[in-house]
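Here, each number is a calculation from the coordinates, and none is a lab measurement. Note that the structure is a prediction, hence the values are computed from the model and not measured. All Cβ positions, even for glycine, are placed from backbone atoms using ideal geometry, and neighbour counts span all protein chains on display.
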Amino acid sequence: MENSYSSLIPEPCAIALFGVTGHLSRHKILPAFYDLFHRGMLPAGFALVGFARREWSQEEFALWAKGEIRENCRTEFDEGVFSLLAPHFYFSKGTFGDEGSFEALKEEMGKAAGEQGAKGKMFYLSIPPASFPQVVEMLKRGGLADPKDPFRKVVIEKPFGWDLESAKSLDSLLASAFSPSQVFRVDHYLGKEMVQNLLPLRFENPVFSALWSSECVDHVEISVAESAGVEGRAAYYEKAGAARDVLQNHLMQLLALTAMEKPENGESEREKKVEALKSCSVSDLKRTSARGQYSAGFASGRFVRGYREEPGVDPLSLADTFAALKVEVNTPRWEGAPFYLRTGKRLAKRSAEVALVLKRPLAASFLPGGEEDCVTFKIQPGEGVWAKFSSKAPGKEILRGALMGFSYREEFAEGSPEAYENLVMDAMLGKSSLFPSEEETELSWKITDELEGFWRREPSTLEFYEAGSWGPSSAERLMERDGRKWRKL
């Protein structure tokens, strides 16, 4: 097992995984632990304790986990590697509201730590947000939480509340059981390799740092588009919608990373992201936001039903499956260069990117033609950086768009680790830069609450868009009012 990603190995740690049988754990978290182990990244004293209602022995849990890992791991599944990993798996039967279950968990974690030589303890909450308060309270009551122990951590999956008020309530509860340095809020987009590369690319390369302001940039587009529908998440989506599901976290985090200033004199990335988010404002939401819901149509080469026809969806649902928003970043760097955010389900294709659309020269064109120049940081699929610029067409006195790019896949022999590998590793190491802080989360909710409040007051703002399209016409009008148009992803 080779260690090609980092020389850092975390302290030996026993991890309790709540929601171990859930979709996220099966498809992302368990495979991430296997992949890290396969790459030689986990400490010898690692232990994973699954917590669920199943009547499983330690061996039965390991056998079940083997099937899920084999199906979803990124590295090649190897029986020999798994045979070495399996003894690190433990299981504790229990329910969230039962004190006896947490007493049993405490015993099992003590057993795992003793057998494996684990020093730290981490509690990974991959559970519905409604259960967060109950589990945190039980960890506190059962003596599993200890705010003074530097080797004690809690990891919480999004969403962090449903609005600003609930987020503050959750933060208050977490503060009663854990210190701020012990809390890790997961936004899996921050674990993606290209997102982690935004700051090094920007701050370490003069070609990018020189154009990174409204002096060169006309506007910024940040897009997270999905071709899939709700895919069995109707119950969640009926409550959340696209704005709460993606805009409040992924899009606002990408905005903060793009808009922030460079940390200086011991400042942290988190501090600079907070400054950027504090400078954000929205106004005249009737003109600067768009809200949509997909109807039936052709997507990914087949006919698909509309959102209201999805199992578990209210036939009169007003849930948004598309959200777009114009945000002003009120700093000298970005004065006059707005940020446009958009996300949606059942769009024409899957794509996520940050695009800096550049200003055209003020003087008359040297040659006719030409297209909008931009620099695009592609997050998925096909991670890389692409610059689109105007060039003279061969044999003609006109301009046409040309493309220059850098592809991760082509440049580096080794593939990028999956986002959850990075997140799990950094949580174990206690590195907080990939995890939104309490203040970042609350500032993002403040913007999202303003948008959601407007939509509640104006239900007619919901527009339908055909599956396989690029969203509702209101999104196009949003850009047209400013004399702009969305880029093709």
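Sites listed here are trypsin sites (Lys or Arg not before Pro) in the stretch 171-280 whose DSSP assignment is loop and whose Cβ has at most 16 other Cβ atoms within 10 Å: R233.
Computed from backbone phi with θ = phi - 60° and the Karplus coefficients 6.51, -1.76 and 1.60, the 3J(HN,Hα) list for the stretch 91-105 is 9, 9, 6, x, 10, 5, x, 9, 4, x, 5, 6, 5, 5, 4 Hz; x is used for glycine and proline.
Want the number for E59 to S473: 0.36 nm per residue separation, take away the alpha-carbon distance, what's left?
Numbers: separation 414, 0.36 × 414 = 149.04 nm, distance 5.49 nm.
Additional length available on full extension: 143.5 nm.
By how many degrees, between 0 and 90 and to the nearest 10, does the Cα long axis of helix 58-72 differ from the longest principal axis of the chain? Tilt of helix 58-72: around 20 degrees.
What number comes out for the charge environment of Q380, summing +1 per Lys or Arg and -1 per Asp or Glu over other residues with Cβ under 15 Å away?
Working: positive: K28, R74, K192, K349, R350, K378, R409; negative: D187, E193, E226, E353, E383, E418.
So the environment of Q380 carries a net charge of +1.
Coupling constants for the stretch 346-357 follow from the phi torsions by the Karplus curve (6.51 cos²θ - 1.76 cosθ + 1.60, θ = phi - 60°), and in residue order they are 6, 8, 4, 7, 7, 6, 9, 7, 10, 10, 8, 8 Hz; glycine and proline get x.
Around the amide H of G50, modelled in the peptide plane, lie the amide H atoms of L17, Y90, F91, S92, all under 5 Å away and 5 or more residues distant in sequence or on another chain. Positive contributions from Lys and Arg (+1) and negative ones from Asp and Glu (-1), summed over other residues with Cβ under 10 Å from the Cβ of E458, come out at +4. Computed from phi, the 3J(HN,Hα) profile of the stretch 433-445 under the Karplus parametrisation 6.51, -1.76, 1.60 (θ = phi - 60°) reads 5, 8, 10, x, 7, 4, 5, 4, 4, 5, 5, 5, 5 Hz, with x in place of Gly and Pro. How far is helix 132-141 tilted, in degrees, relative to the longest principal axis of the Cα atoms in the chain, given as a value from 0 to 90 rounded to the nearest 10? Long axis of 132-141 versus the principal axis of the chain: about 30 degrees. The residues neighbouring P87, those whose beta-carbon lies less than 13 Å from its own, together hold a net charge of 0 under the Lys/Arg +1, Asp/Glu -1 convention. Residues M404, M479, M252, ranked from the fewest to the most other C-beta atoms within 10 Å, line up as M404, M479, M252.
Across the alpha-carbon atoms of the stretch 1-139, the computed radius of gyration and Dmax are 14.5, 43 angstrom. Between the Cα long axis of helix 419-429 and the first principal axis of the chain there is an angle of about 50°, rounded to the nearest 10.
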